[in-house]
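Trainee: Sharing a structure with you now.
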Number of protein chains: 2
Amino acid sequence: MRLSQFHLRTVKETPADAEIVSHQLMLKAGMLRKLAAGLYTWSPLGLRVLRKVEAVVREEMDRAGAIELLMPTIQPQELWEETGRWQKFGGQLLKIRDRKEAGYCYGPTAEEVITDFARHELASYKQLPVNFYNIQSKFRDEIRPRFGVMRAREFLMKDAYSFHLDEASLAAEYRNMYATYGRIFTRLGLKFRAVAADTGAIGGSASHEFHVLADSGEDAIAYAVDAQGADASDYAANVELAEALAPGARPGATEAMRKVATPVQKTCEDVAALLGIALARTVKSVALMGDADTGFVLALVRGDHMVNEIKLAKLPGLGEYRLATEAEILEHLGSEPGFLGPLAPRRPITVIADRSVAALADFVVGANEPGFHLAGVNWGRDLPEPALVADIRNVVEGDPSPDGKGRLALARGIEVGHVFALGDKYSRAMDCTVLDADGRAVHPLMGCYGIGVSRIVAAAIEQNHDAAGILWPAAMAPWQVAVCVINPKADAAVAAAAEALYRELQAAGIDTVLDDRGLRPGAMFADIELIGIPHRVVVSARGLDAGTFEYRARGAGDAENLDRAGLLARLSSG
Amino acid sequence: MRLSQFHLRTVKETPADAEIVSHQLMLKAGMLRKLAAGLYTWSPLGLRVLRKVEAVVREEMDRAGAIELLMPTIQPQELWEETGRWQKFGGQLLKIRDRKEAGYCYGPTAEEVITDFARHELASYKQLPVNFYNIQSKFRDEIRPRFGVMRAREFLMKDAYSFHLDEASLAAEYRNMYATYGRIFTRLGLKFRAVAADTGAIGGSASHEFHVLADSGEDAIAYAVDAQGADASDYAANVELAEALAPGARPGATEAMRKVATPVQKTCEDVAALLGIALARTVKSVALMGDADTGFVLALVRGDHMVNEIKLAKLPGLGEYRLATEAEILEHLGSEPGFLGPLAPRRPITVIADRSVAALADFVVGANEPGFHLAGVNWGRDLPEPALVADIRNVVEGDPSPDGKGRLALARGIEVGHVFALGDKYSRAMDCTVLDADGRAVHPLMGCYGIGVSRIVAAAIEQNHDAAGILWPAAMAPWQVAVCVINPKADAAVAAAAEALYRELQAAGIDTVLDDRGLRPGAMFADIELIGIPHRVVVSARGLDAGTFEYRARGAGDAENLDRAGLLARLSSG
């Protein structure tokens, strides 16, 4: 492609309404143009990237034996009534009436349509297992569409649906899709994790989310690494669901309990700093109200840990807990927050200690007296053992992995894929049956497998960018190589050399763009960096004289001058 | 592809609700599954064909210099208000309200969206000319969706929109697209015609429709052929718009006028048969009422011609003509219909003769007396020359082509493409401007160019089918070659030979399907014929013994036995 015959329109200013870096860079690079809230036109540049992602997804789905078809975007209300989702799906379902007042929706997903297809097309167990997929526009009427194509209303999704006679077959295809997703994200050059997930609204028996790791991700993920930071296992979980293992046995007491003045030190950090001790020796007391039987609860975690609300809510009596009010705290502990502790409450309380707190000796807690903490506190000697010891904290970096392999690293993730074992939820609701080997009509088991094709583009940018712009993984780059021509209109020899190089690279199967727009070098290089082309080659009069081309890899510091053979060798090696 | 790992589901019965052969065959071949009125799921088989069409369209658009982007299917009401089409487009526009009650439509076309894109993205004449295209789902809420994907509500369309500084540039791109469309339909292996068209609702200054020729087409087309039936020129027009040229000079009179008894002969055909003369010597009289000045009109065409209502309505005084009532006919001519003629009317009438009637001598007309005609009638001698001689008939097969090259052939066509020169209608309505070389803001001129991608699939079948099923042109076939295995489960040697041949053909770049389903030969062959695979190869034990494969081209009468080299040579030659 010659840029003079393409439509590239970059902008210098960071758009004011774009909150995250991928949205900012996609707008600056001119990949997107907003049409309306949550609706974007993919420019020629943006579409090139989107199609590369789509092609990898398609190739790997085909390789995995899935069969592509194409469903309409518009789906009839009747099918959604059969599964009850016409009411239950909620406001994200864009409901439509046609000119005859018949009800439709713009498909946000296609379980109903594919199950309707299957109940007409599948008659016998001999046709199973089968996995149908579709790469098609979807629509979810987000209340607050934002972040560009990260949370658009109309988006491109790959959705696959498999049908099985038994659990073993479903499990095999689930594993097949799990492995396929790994291949897809690996080929796309993305750092990602598969995370065991709750099944949520779609229902079913097993589910994994695939997250692209990026600091801006909405989800926090814990995964296992070895001492060098390499993967120690395939363990990964949402931080809120990852188990914090019990530490070793509690050491013996070595200090006497003493009251220390902490006149303005209300946080564990401040107290630890004042006393010159490790934050991990302080204990945070969180005051809660459980159910009527349980009453006032003091939940204890180490000063360097955070209470995990999901884990707390799974404990007996805390199913619907809330934070205690200041009045309740004063009533039970006799102190204002900031100096709370489990010793000498005014009224009976329930003390729940995190496993790591139960393993402490010589620790520091609030004295239930404004301006004072207690140090050198020890379980059994200074206060009773806790009523309950449980995992009530978030895991932190360096915690042992729950699967016993390595330690946990933390990352933030952007969900770009999801695999579900659905079971017979949809086949039963819509009475989709096949005849088994004995001639009995049975409801096939189903799996469903989604990938947010357009979201991947944004997620890749969140993961791969620098101050100059996007750093595309090779498989997603709009072009692999940009040949930049200095002053092509004034220097015919340079223009001809660049053209020859461009043709040579194209002929060698290297996807190349020729920047023949005649921009000043600074503006041209800025564009090529912004749009993230992995390899830049500059053709200039000076280089021609020296018999070299200037080569620079995107993200590398320095440029090198290479002769033609050296350049081709470099570019051919990827 | 191995059919055992594909989803192919053919049906024997012709579906009762499918009215045209393409819809019937697409359902029988299992290419489509109806989801709701005018909404179809493309099965894996159907999608393979659709994607082949899409790929050819994309390749040729790219080659022509058009630049692909991707617009959302959902478009905001505000843009359609700017052009006034929110009201004017009519009931086909599927209007939608989102959860915030904002107005949208499902795009039936994208002039508004692309013009909005252009007014933001195009700033200077230096960016012109440019042609953006998009292959995307469209929706038209047809009152009566029917004929399968021939007139579906949701369909796949390629729509392109070009922007120009001046008429010459627009005209050049119009010609470029006209030529590109020709290449597309030629590559797809379709017999087609480009037909000059009225611009209709989209407006603009020039327009051509591209029609795939098929007996079932909704439109009648006349085009120029030479004596051998080959194209004599690129002349083609809607039959109703094609000009019927004037014939040669009128010969001299050779007969005397005489009254002949035609007791029950009311039609020209019956009169010509009774008298033993050519139908072209008889004259049909059509009684009309023009405006107040014009009054009663007798329009005369030859017995072998049909009056053309569009041409009549363009004549002075006939802008809003209607057929005369029987009372008006009796009042002016004194006879009932069936025996009408231009001689001796009771009251003054206007006689308008088609050019071919004005050139007749010794002709036959009604006598204005029930049961009688007049024969041997001659202009100037027996009745006055006609008040007006004009082209008022439809062209017929064999008429000279209006461009002077060859004679007209008639065909029926299915519109699959349309090119328009729009002018500044949309750029002006939406105030899309660019700066010209003098720094003045000007409204660019636009062209738009559509292809009904999904409709092409149906049109190709209308043009190419036989009693056994579909006859795909090579470029559209789901696969080029089917390797059919006789009894693969019982005969390992046959299965292995078929597998080896399949791999060899695939390796040679020949898109091949292996029918390894183990069906009886009759059922297998019927499927392969129905779905229209161009080349069938049968691998059987008998063939293996003889060292041959049975080869048959789809649509050919007989099969041949070829050895491996002969088979490969045959298949490689296309």
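Trainee: Just to be sure I understand the filter: pairs with C-beta atoms under 8 Å, separated by 6 or more residues or on different chains, first member in the range B:485-507 and not assigned by TED's automatic domain parsing to the domain that holds B:Pro521, second member surrounded by fewer than 20 Cβ atoms within 10 Å (Cβ to Cβ). Which pairs pass?
Mentor: Taking only residues 6 or more apart or on different chains, not a single pair turns up.
Trainee: Is it the case, given these coordinates, that B:Asn308 is modelled with pLDDT of 95 or more and open to solvent by less than 20 Å² (accessible area, probe 1.4 Å)?
Mentor: Working: modelled with pLDDT of 95 or more: no; open to solvent by less than 20 Å² (accessible area, probe 1.4 Å): yes.
No; evaluated as a whole, the condition is false for this residue.
Trainee: Which members of the range B:1-11 meet the condition of being within 11 Å of chain A (Cβ to nearest Cβ) and open to solvent by less than 20 Å² (accessible area, probe 1.4 Å)?
Mentor: Selection gives B:His7 alone.
Trainee: Considering every residue within the range B:148-162, establish whether at least one is in contact with a Leu (Cβ under 8 Å, 6 or more places away or on another chain), of a type in the set (D, E, K, R) and either farther than 30 Å from B:Ala16 by Cα or modelled with pLDDT of 95 or more (or both). Give the steps one after another, and end with the answer.
Mentor: First, the residues of the range B:148-162 that are in contact with a Leu (Cβ under 8 Å, 6 or more places away or on another chain): B:148-149, B:152-154, B:156, B:162.
Adding the requirement that they be of a type in the set (D, E, K, R) leaves B:153-154.
Checking which are either farther than 30 Å from B:Ala16 by Cα or modelled with pLDDT of 95 or more (or both) leaves us with B:153-154.
Taking every residue of the range B:148-162 in turn, at least one turns out to be in contact with a Leu (Cβ under 8 Å, 6 or more places away or on another chain), of a type in the set (D, E, K, R) and either farther than 30 Å from B:Ala16 by Cα or modelled with pLDDT of 95 or more (or both).
Trainee: Go through A:Trp479, A:Trp472 for me and flag whichever is in a loop (DSSP other than H, G, I, E, B) and touching an Asp or Glu at 6+ places or on another chain (Cβ under 6 Å). Break it down into steps so the answer makes sense when it comes.
Mentor: Working: A:Trp472 fails: touching an Asp or Glu at 6+ places or on another chain (Cβ under 6 Å).
Answer to the selection: A:Trp479.
Trainee: Report, by residue number, each residue of the range A:423-447 that is under 22 Å from A:Gly107 (Cβ atoms), in contact with a Leu (Cβ under 6 Å, 6 or more places away or on another chain) and surrounded by fewer than 24 Cβ atoms within 10 Å (Cβ to Cβ).
Mentor: A:Gly423, A:Asp424
Trainee: Right, another one. Among the residues of the range B:12-44, write down those that are touching a strand residue (DSSP E or B) at 6+ places or on another chain (Cβ under 9 Å), within 10 Å of another protein chain (Cβ to nearest Cβ) and more than 20 Å from B:Arg153 (Cβ to Cβ).
Mentor: B:Pro44
Trainee: To continue, here is another question. Quick one: which of A:Gly90, A:Gly84, A:Gly65 is in the same structural domain as A:Arg144 (by TED's automatic domain parsing), on the phi > 0 side of the Ramachandran plot and at pLDDT below 95? Let's see the steps before the verdict.
Mentor: Values: A:Gly84 fails: at pLDDT below 95; A:Gly65 fails: at pLDDT below 95.
On inspection, the qualifying residue turns out to be A:Gly90.
Trainee: Given the conditions (1) open to solvent by less than 20 Å² (accessible area, probe 1.4 Å); (2) modelled with pLDDT of 95 or more; (3) not hydrophobic (A, V, I, L, M, F, W, C), and given that B:Ser335 satisfies all but one, which numbered condition is not satisfied?
Mentor: Status for B:Ser335: all satisfied but (2).
Trainee: Is the range B:137-147 home to any residue that is at pLDDT below 95, buried (at least 18 other Cβ atoms within 10 Å of the Cβ) and touching a helix residue (DSSP H, G or I) at 6+ places or on another chain (Cβ under 8 Å)?
Mentor: yes
Trainee: Counting only residues that are at the interface with another protein chain (Cβ under 9 Å from one of its Cβ atoms), within 26 Å of the chain's Cα centre (by Cα) and surrounded by fewer than 18 Cβ atoms within 10 Å (Cβ to Cβ), how many does the range B:66-112 have?
Mentor: 2
Trainee: Can you give me the ranges of the strands (runs of 3 or more DSSP E) entirely in the range A:223-326 with at least 2 residues that are over 29 Å from the mean Cα position of the chain (by Cα)?
Mentor: Details: elements: A:231-238, A:258-261, A:283-289, A:296-302.
Hits in the range A:223-326: A:258-261, A:283-289, A:296-302.
Trainee: Are any residues in the range B:487-510 in a loop (DSSP other than H, G, I, E, B) and open to solvent by less than 40 Å² (accessible area, probe 1.4 Å), and if so, which ones? Even if it seems obvious, please write down each step before you answer.
Mentor: If we filter the range B:487-510 for residues that are in a loop (DSSP other than H, G, I, E, B), which is where we start, we get B:487-491, B:508-510.
If the condition is that a residue be in a loop (DSSP other than H, G, I, E, B) and open to solvent by less than 40 Å² (accessible area, probe 1.4 Å), then B:Pro488, B:Ile510 are the ones that fit.
Trainee: Continuing with the same structure: Which numbered condition in (1) closer than 24 Å to B:Ile461 by Cα; (2) touching a helix residue (DSSP H, G or I) at 6+ places or on another chain (Cβ under 8 Å) is the only one that B:Tyr178 fails?
Mentor: Tallying (1) closer than 24 Å to B:Ile461 by Cα; (2) touching a helix residue (DSSP H, G or I) at 6+ places or on another chain (Cβ under 8 Å), B:Tyr178 fails exactly one: (2).
Trainee: Which one of the conditions (1) in contact with a strand residue (DSSP E or B) (Cβ under 6 Å, 6 or more places away or on another chain); (2) touching a residue at least 24 places away in the same chain (Cβ under 8 Å) does A:Pro247 fail to meet, given that it meets all the rest?
Mentor: (1)
Trainee: If you don't mind, there's one more thing I want to ask. Taking B:Ile135 as the residue in question, decide whether it is within 10 Å of chain A (Cβ to nearest Cβ) and within 27 Å of the chain's Cα centre (by Cα). First the steps, then the outcome.
Mentor: Numbers: within 10 Å of chain A (Cβ to nearest Cβ): no; within 27 Å of the chain's Cα centre (by Cα): yes.
So B:Ile135 fails the test.
Trainee: Another question, if that's okay. Within the range A:148-177, which residues are open to solvent by 30 Å² or more (accessible area, probe 1.4 Å), more than 14 Å from chain B (Cβ to nearest Cβ) and under 26 Å from A:Thr73 (Cα atoms)?
Mentor: A:Arg151
Trainee: Now for a different question. I'm trying to understand the selection: among the residues of the range B:45-65, which are open to solvent by less than 10 Å² (accessible area, probe 1.4 Å), within 12 Å of chain A (Cβ to nearest Cβ) and not hydrophobic (A, V, I, L, M, F, W, C)?
Mentor: B:Gly46, the sole residue that qualifies.
Trainee: Follow-up. Can you tell which of B:Gly398, B:Gly413, B:Gly380, B:Gly417 is more than 28 Å from B:Leu330 (Cα to Cα) and surrounded by fewer than 17 Cβ atoms within 10 Å (Cβ to Cβ)?
Mentor: Details: B:Gly413 fails: surrounded by fewer than 17 Cβ atoms within 10 Å (Cβ to Cβ); B:Gly380 fails: more than 28 Å from B:Leu330 (Cα to Cα); B:Gly417 fails: surrounded by fewer than 17 Cβ atoms within 10 Å (Cβ to Cβ).
Sole residue among the options that is more than 28 Å from B:Leu330 (Cα to Cα) and surrounded by fewer than 17 Cβ atoms within 10 Å (Cβ to Cβ): B:Gly398.
Trainee: If you check A:Ala278, A:Ala344, A:Ala324, A:Ala273, which single one turns out to be in contact with a strand residue (DSSP E or B) (Cβ under 7 Å, 6 or more places away or on another chain), among the aliphatic types (A, V, I, L, M) and at pLDDT 95 or above?
Mentor: Only one candidate qualifies: A:Ala324.
Trainee: Only residues in the range B:24-41 that are aromatic (Phe, Trp, Tyr) count as the first member; pair them with residues that are modelled with pLDDT under 95 and part of a helix (DSSP H, G or I), Cβ under 8 angstrom, at least 6 apart or cross-chain, and list the lot.
Mentor: As it stands, the answer is B:Tyr40/B:Gly148; B:Tyr40/B:Val149, since those pairs meet every condition given.
Trainee: Check A:Asp403 against each of (1) assigned by TED's automatic domain parsing to the domain that holds A:Phe117; (2) closer than 30 Å to A:Asp166 by Cβ and name the one condition it does not meet.
Mentor: In the conditions (1) assigned by TED's automatic domain parsing to the domain that holds A:Phe117; (2) closer than 30 Å to A:Asp166 by Cβ, A:Asp403 misses (1) alone.
Trainee: Another question, then. Looking at B:Arg119, is it facing chain A (nearest Cβ under 10 Å) and surrounded by fewer than 20 Cβ atoms within 10 Å (Cβ to Cβ)?
Mentor: The answer is no for B:Arg119.
Trainee: To continue, here is another question. Please name all residue pairs, on different chains or six or more residues apart, with Cβ atoms under 8 Å, provided the first residue is in the range A:177-206 and is among the β-branched types (Val, Ile, Thr) and at pLDDT 95 or above and the second residue is assigned to a helix (DSSP H, G or I) and surrounded by fewer than 17 Cβ atoms within 10 Å (Cβ to Cβ).
Mentor: A:Thr180/A:Arg63
The values are calculated or read from the model by the stated rules, or taken from the named source; none is laboratory data. Values in this document were obtained by computation on a predicted structure and should not be read as measured data. Using ideal geometry, Cβ is built from the backbone for each residue, glycine included, and neighbour counts are taken over all protein chains shown. Ligands, DNA and RNA are stripped out before the accessible areas are found, and what is left, the full protein with its side chains, is counted by its heavy atoms. Shrake-Rupley method; radii C 1.70, N 1.55, O 1.52, S 1.80 Å.
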